[in-house]
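In what follows, a structure is listed as structure tokens, so that the remarks can point back to it.
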Amino acid sequence: MSNVKVRRDEAVTTLLDNVRSLAGPVEVSRENINDIRSKLVKIADHKEFWNEQEFSAPTDGQVHTRYLISQDDDDSYALYLNVMLTGKKTPPHNHTTWACIAAVEGEEYNYLFEPETDGPLVPGDRKISQKETVVVEPGQGVGLLADDIHAIEIKDGVNTRHLHLYGRALETLSERLMWDKELETCEKFKMVVQTTK
């Protein structure tokens, strides 16, 4: 086992032990999510942990590869490394659990939205509007609560390696929603990128 892998495994274990003490798989406060984001930014700063030799960029015309780094046996506290190329976009969506994103390298544009009316997030008519843009780049991250809505974009000429940490594994989140281009209606999220384990 390489020295880098040993150090990465130790750092991930420490990170997740700290995160478990701050938040449940779904329950988290705005203050705690900021603490988790800060801890994720620190581990993302170790570029040697997330290198191309172990985590190669997508090929064959694909723009996104997702690597599972760690996940608890009950599918909670899931950490992924996303390697995304120019042109990667997602529609606005929520997660139904908390999420934090931190950059190893490159810029990920996060567009944050909010519903124009109050009420639960369920499929159907539900207009949203953009309220903020956060550029996640090295030294910068973003934290999202379960009902927060965001979209991401990797702009021209910018490839990224970013850590995404969720309270529950993405593959278990069956109630997520995604919005149409007009930002007026939503339906169940369709996950098209398969996770590499």
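For region 30-49, how many residues meet the condition of being more than 22 Å from VAL4 (Cα to Cα), open to solvent by less than 50 Å² (accessible area, probe 1.4 Å) and either free of Cβ contacts under 8 Å to residues at least 40 places away in the same chain or in contact with a helix residue (DSSP H, G or I) (Cβ under 7 Å, 6 or more places away or on another chain) (or both)? Within region 30-49, residues that are more than 22 Å from VAL4 (Cα to Cα), open to solvent by less than 50 Å² (accessible area, probe 1.4 Å) and either free of Cβ contacts under 8 Å to residues at least 40 places away in the same chain or in contact with a helix residue (DSSP H, G or I) (Cβ under 7 Å, 6 or more places away or on another chain) (or both) number 2. Candidates are the residues of region 69-83 that are open to solvent by 40 Å² or more (accessible area, probe 1.4 Å) and not charged (D, E, K, R); the one that is farthest from GLU175 (Cα to Cα) is ILE69. Restricting to region 164-195, and then to whatever is in a loop (DSSP other than H, G, I, E, B) and hydrophobic (A, V, I, L, M, F, W, C), can you tell me which residue is most open to solvent (accessible area, probe 1.4 Å)? The extreme case among them is VAL192.
Considering region 84-105, and only residues there that are among the hydrophobic types (A, V, I, L, M, F, W, C) and over 26 Å from ASP17 (Cβ atoms), the residue that is most open to solvent (accessible area, probe 1.4 Å) turns out to be LEU85. Restricting to region 114-143, and then to whatever is under 23 Å from ASN82 (Cβ atoms) and of a type in the set (Asp, Glu), can you tell me which residue is most open to solvent (accessible area, probe 1.4 Å)? Only one residue tops the list, namely GLU132.
Note on region 144-163: among residues that are over 15 Å from the mean Cα position of the chain (by Cα) and crowded, with 16+ Cβ neighbours inside 10 Å, the one that is farthest from VAL26 (Cα to Cα) is VAL158.
The values are calculated or read from the model by the stated rules, or taken from the named source; none is laboratory data. From a predicted model like this one, the values you see are computed outputs, not experimental measurements. With ideal geometry, Cβ positions are generated from the backbone for all residues, glycine too; neighbour counts draw on all protein chains shown. Quick note on the areas: whole protein, heavy atoms, side chains included, nothing else; ligands and nucleic acids left out. Shrake-Rupley method; radii C 1.70, N 1.55, O 1.52, S 1.80 Å.
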